[in-house]
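Visitor: Next up is a structure, given as structure tokens.
The values are calculated or read from the model by the stated rules, or taken from the named source; none is laboratory data. Computed from a predicted model, the values in this text were never measured in an experiment. Backbone-built Cβ (ideal geometry, glycine too); neighbour counts: all protein chains shown. Please note that ligands, DNA and RNA were not included when accessible areas were found on the heavy atoms of the full protein model with its side chains. Shrake-Rupley method; radii C 1.70, N 1.55, O 1.52, S 1.80 Å.
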Amino acid sequence: MHPMLNIAVRAARNAGKILLRASEDLSKVEVQQKGANDLVTNIDKEAEAVIRDTILQSYPTHSIVGEELGEHAGKDADYQWIVDPIDGTTNFIKGIPHYAVSIALKVKGRLDQAVIYDPIRGELFTASRGQGAQLNSKRLRVSKTTVLSGTVLATGFPYKNKHHMDAYTEAFKALFVHTADIRRAGCTALDMAYVAAGRVDGFFEIGLKPWHSAAGELMVKEAGGMVVDFAGGNNYSHSGNLICGAPKLTQAIIREIRPVLTEALLR
């Protein structure tokens, strides 16, 4: 295992212990509203602090961007860690056992290492650039599906971007008529890890932040998949609008939804 991936795994497991301990008594979890439909807990912050400490113990000059604690500008900007301590905070708060720790590392602007850790199931998804993706050390591949018929897709509702609801609903309908089903589980990191594992065939969502999707992006690509924006380009890191899956299936998703999307979603 790459030394930096090893540290990311250690950080994710350390955070996972905090999540598991807190999940035993959710009445003690302190919940705050960050913004509209955007919740944060004391556990998010505690878990991110542990991740940050674990990384900086080994790499004190590296930079870190986290969802809750913001940016730590290290002396070495070539190495940037992107952290979501609990992807699926609402699930966590409600006691729904489906959330994950997500950690990615960019080296000179390119995704290089990724960890998505599901502490409830003990599933550790990892990826290193050029070395493939694994689940608990077993190699992952995206599904071989090339057409939408019979597929199971994953999605996330635009709960923070409700002004896109009409366009999202039209896109959902355009895809749903062709698929076996569409799932909405509330954890982007696991949605993308499941695409990499072939558990779901594809995934699409509006308005993601880098800490939601960075680890999943490398995971999907290293499992043989494609990650694009709604226009089929590479602007998803800026727009937050993302589609992923096996290459031919991803192209099929784009063909179905492009005609019903607004210009704002195609940028």
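Visitor: I need to check one value: relative contact order of the chain, counting alpha carbon pairs closer than 8 Å and at least 6 residues apart, in percent. The partial results should precede the final answer.
Guide: Details: 613 pairs, mean separation 43.2, N = 267.
Worked out over the chain, it gives 16 percent.
Visitor: Also, quick follow-up: Picking from Leu249, Ala223, Ala189, whose Cα lies most toward the positive end of the charge dipole for segment 129-267 (charges on Cβ: Lys, Arg +1; Asp, Glu -1)?
Guide: About the Cα centre, the residue reaching furthest to the positive side is Ala223.
Visitor: Give the Rg/Rh ratio for segment 87-209, taking Rg as the radius of gyration of the Cα atoms and Rh as the Kirkwood radius, to two decimals.
Guide: 0.98
Visitor: Additional query: Using +1 at the C-beta of Lys and Arg and -1 at the C-beta of Asp and Glu, which of Leu26, Ala11, Val101 has the Cα lying farthest in the positive direction of the dipole of segment 1-130?
Guide: Ala11
Visitor: Given a 1.4 angstrom probe, what's the average accessible area per residue across segment 34-79, in square angstrom?
Guide: 48
Visitor: Cα-based Rg of the chain per 2.2 N^0.38 Å, rounded to two decimals? Kindly include the intermediate steps, with their values, before the conclusion.
Guide: Working: Rg = 17.6 Å, N = 267, 2.2 N^0.38 = 18.4 Å.
So the Cα radius of gyration is 0.96 times the expected 2.2 N^0.38 Å.
Visitor: With each run of n ≥ 4 DSSP H residues scored as -39500 (n - 2.57), what mean residue ellipticity at 222 nm is computed for the chain after dividing by its residue count and rounding to the nearest 500 deg cm²/dmol?
Guide: -10500 deg cm²/dmol
Visitor: Could you rank the peptides 220-232, 153-165, 73-85 by their average count of other C-beta atoms within 10 Å per residue, with the highest value first?
Guide: 220-232, 73-85, 153-165
Visitor: If you put +1 on each Lys and Arg Cβ and -1 on each Asp and Glu Cβ, how big is the dipole of segment 200-267 around its Cα centre, in Debye rounded to 20?
Guide: It comes to approximately 100 debye.
Visitor: Determine, for each peptide in 249-259, 175-185, 22-32, 114-124, the mean count of other beta carbons within 10 angstrom over its residues, then list the peptides with the highest first.
Guide: Values: 249-259: 18.7, 175-185: 14.5, 22-32: 11.5, 114-124: 21.8.
Ranking, from highest mean packing down: 114-124, 249-259, 175-185, 22-32.
Visitor: Hey, any idea what % of segment 71-126's accessible area is carbon plus sulfur with a 1.4 Å probe?
Guide: The nonpolar share, carbon plus sulfur, comes to 44 percent.
Visitor: Compute the relative contact order of segment 36-92 as a whole-number percentage, counting only Cα pairs closer than 8 Å that sit 6 or more residues apart in sequence.
Guide: Relative contact order comes out at 36 percent.
Visitor: Using only C-alpha positions, report the orientation-averaged shadow area of the convex hull of segment 1-142, nm², one decimal.
Guide: Averaging across all directions leaves 8.8 nm² for the Cα convex hull.
Visitor: On a straight-distance basis, which lysines could pair with Lys144 in a cross-link, Cα separation under 22 angstrom, same-chain partners fewer than 8 positions away excluded?
Guide: Output for Lys144: Lys221, Lys248.
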